[in-house]
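Structure first, commentary second.
The values are calculated or read from the model by the stated rules, or taken from the named source; none is laboratory data. Values in this document were obtained by computation on a predicted structure and should not be read as measured data. We place every Cβ from the backbone using ideal geometry, glycine too, and count neighbours over all the protein chains shown. Just so you know, the surface numbers come from the protein's heavy atoms only, side chains and all, with ligands and any DNA or RNA stripped out. Shrake-Rupley method; radii C 1.70, N 1.55, O 1.52, S 1.80 Å.
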Amino acid sequence: MTEQEQREQEQKIQMVNLARSFYERGYSVGGAGNLSVRLDDNRILVTPTGSSLGRLVPERLSVVDMQGNWISGDKPSKEYVFHLALYQQNPNCNAVVHLHSTYLTALSCVEGLNTDNAIQAFTPYYVMRVGKLQVIPYYRPGSPKIAEELAARANTGKAFLMANHGIVVTGSDLIDACDNTEELEETAKLFFTLQHQSIRYLSDDEVKDLENRGK
């Protein structure tokens, strides 16, 4: 096994383990959700269509090139198209997580959200991890319009709430994307927990201070 093949095998095992962790903690049910990670400049590793995040097998993970050609493994998720859109438009995007996690999916069904930022910052961790949460209009799952919307926003943020659907989160690697997703789901949980409370939101200056510390 070459060094590159060894590295790719490690990435497959990491994806299986992280996906299973999501499933076992209730972030994903059935065959919902998909993950991907950049293997190199022209290929991504992505979860197969209809697969459960709790029952993935390293050897059956899909490999797709940046032109959308299926190279190896099982047939890729039909949503790999919007993963590709993010990779193609943002060279700093090295991994993508898409989940129908409970609190973020609930949030995606709320009317009247600020489409520029669905959750006003009230914890520093939300700001440091994702910064803001943009809202993508509703399209049926698998619609090419989702890829178009994400491509247009690929360089404007790390997290995107798909109306009446779920969440898409990017990262510098798969662990980073997963950590960002977990922080975001916890923020959404806190958002609903505090619905009937008087919330102290972070001021613009406090948000800017956190953003500057991340540069």
Worksheet entry | Residue order for T49, T181 - accessible surface, 1.4 angstrom probe, largest first | T49, T181
Worksheet item: What FRET efficiency, computed as 1/(1 + (r/R0)^6) with R0 = 22 Å and r the Cβ-Cβ distance, is obtained for Q6 and W70, rounded to the nearest 0.05?
Response: 0.40
Worksheet item: Between the range 93-128 and the range 45-89, what's the alpha-carbon centroid distance in Å?
Response: 23
Response to the item:
Cβ-Cβ cut-off under 14 Å around S203, Lys and Arg +1, Asp and Glu -1: the net charge is -3
Discussion item. Students often get this wrong, so check it: of K75/K189; K12/K208; K75/K145, which have C-alpha atoms separated by over 28 Å?
Written reply: K75/K189; K12/K208
Discussion item. Take Q197 and T156, extend 7 Å from each Cα along the Cα→Cβ direction, and tell me the distance between the two endpoints in nm.
Written reply: 3.2
Fill in: Qualifying GluC sites (Glu not before Pro) in the range 22-129, DSSP loop, other Cβ atoms within 10 Å at most 12
E111
Worksheet item: In debye to the nearest 20, how big a dipole does the chain give about its Cα centre with +1 on each Lys and Arg Cβ and -1 on each Asp and Glu Cβ?
Response: 460
Worksheet, complete the sentence: Which of [x] 11.9; [y] 18.5; [z] 14.6 is the computed mean projected area of the Cα convex hull in nm²? It is [x]
Discussion item. Taking all protein chains in place and a 1.4 Å probe, what share, in percent, of the accessible surface of the chain do carbon and sulfur account for?
Written reply: 47
Response to the item:
Averaged per residue, the 1.4 Å probe accessible area of the range 17-158, protein heavy atoms only, in Å², is roughly 46
